[in-house]
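Here the structure comes first, spelled out in structure tokens, and everything after it is commentary.
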Amino acid sequence: MKKNVLIIVFLGLCAYFSSASAVKAIFAGGCFWCMESDFEKLKGVTDVVSGFTGGTLKNPTYNGNHEGHYEAVEVTYDPNQVSYRDLLDYYWVNVDPFDHKGQFCDKGFSYLSAIFVANENEKKQAEDSRRKVVEQFPDKKVATAILQASIFYPIKGKESYHQDFYKNNPVRYKYYRWNCGRDQRLKEIWGDRATH
């Protein structure tokens, strides 16, 4: 009996400490299917959830009303394996920072790019990373916003098929991504730094 109790306590402590080291960050970069797919490839990222954020409307839905919200992803990561700065560097080469109408073939407010910061440290790092992009492309205007994080609403219920869409519908996802010109544009902007 004592052995079983010790095992349960040990497993509980492991779960507590592993979740204690997990941190979340929120990014918008157009289609959340693509952002989810891209971030899940980064070592140290443990989970990526598609959803909405940035607006005042409660409980936005994909097929219903999500006015004022960005399509975004909530990235859970282990800061012992990947830093917030690493996430920012990875984010930039997966978006078109110059598109002020949306991202790639998706246009409209909900497809705009933005970094949602939770505190002053994240804000400073995000601003520094944005400044580097501005300096790298002095003849272009960077449209990607840095905004204060607000409630993140995961896609759920009948719309849960959006979570892990690229895994569950690989043919449809690849066709959409190719047809949207996402990877071609990323290569055009970032060259070999583009992740695809």
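On the given criteria, is Ser37 among the polar types (S, T, N, Q), open to solvent by less than 70 Å² (accessible area, probe 1.4 Å), out of contact with any helix residue (DSSP H, G or I) (no Cβ under 9 Å at 6 or more places or on another chain) and touching a residue at least 60 places away in the same chain (Cβ under 8 Å)? No: the conditions fail for Ser37. Here Asn80 clears all of (1) closer than 27 Å to Gly44 by Cα; (2) surrounded by 15 or more Cβ atoms within 10 Å (Cβ to Cβ) except the condition numbered (2).
Residues in region 149-182 that are polar (S, T, N, Q), touching a residue at least 12 places away in the same chain (Cβ under 8 Å) and assigned to a helix (DSSP H, G or I): Asn179 alone.
(1) open to solvent by less than 100 Å² (accessible area, probe 1.4 Å); (2) at pLDDT 95 or above: which one isn't true of Phe165, the others all being true? Of everything listed in (1) open to solvent by less than 100 Å² (accessible area, probe 1.4 Å); (2) at pLDDT 95 or above, Phe165 misses just condition (2).
Listed here are the residues, each with its yes/no results for (1) open to solvent by 30 Å² or more (accessible area, probe 1.4 Å); (2) closer than 28 Å to Gln136 by Cα.
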site: Val23; (1), (2): yes, no
site: Cys31; (1), (2): no, yes
site: Leu42; (1), (2): yes, yes
site: Ser50; (1), (2): no, no
site: Gly55; (1), (2): no, no
site: Glu71; (1), (2): no, yes
site: Gln103; (1), (2): no, yes
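Among the conditions (1) loosely packed, with under 15 Cβ neighbours inside 10 Å; (2) closer than 24 Å to Cys180 by Cβ, the only one that Asn119 does not satisfy is (2). What are the residues in region 128-148 that are crowded, with 16+ Cβ neighbours inside 10 Å and either assigned to a loop (DSSP other than H, G, I, E, B) or on the phi > 0 side of the Ramachandran plot (or both), if any? Correct list: Val142, Ala143, Thr144.
The values are calculated or read from the model by the stated rules, or taken from the named source; none is laboratory data. Quantities reported herein were computed from a predicted structural model and do not represent experimental measurements. Note: ideal-geometry Cβ built from the backbone for every residue, glycine included; neighbour counts use all protein chains shown. Ligands, DNA and RNA are excluded from the accessible area calculation, which covers all protein heavy atoms including side chains. Shrake-Rupley method; radii C 1.70, N 1.55, O 1.52, S 1.80 Å.
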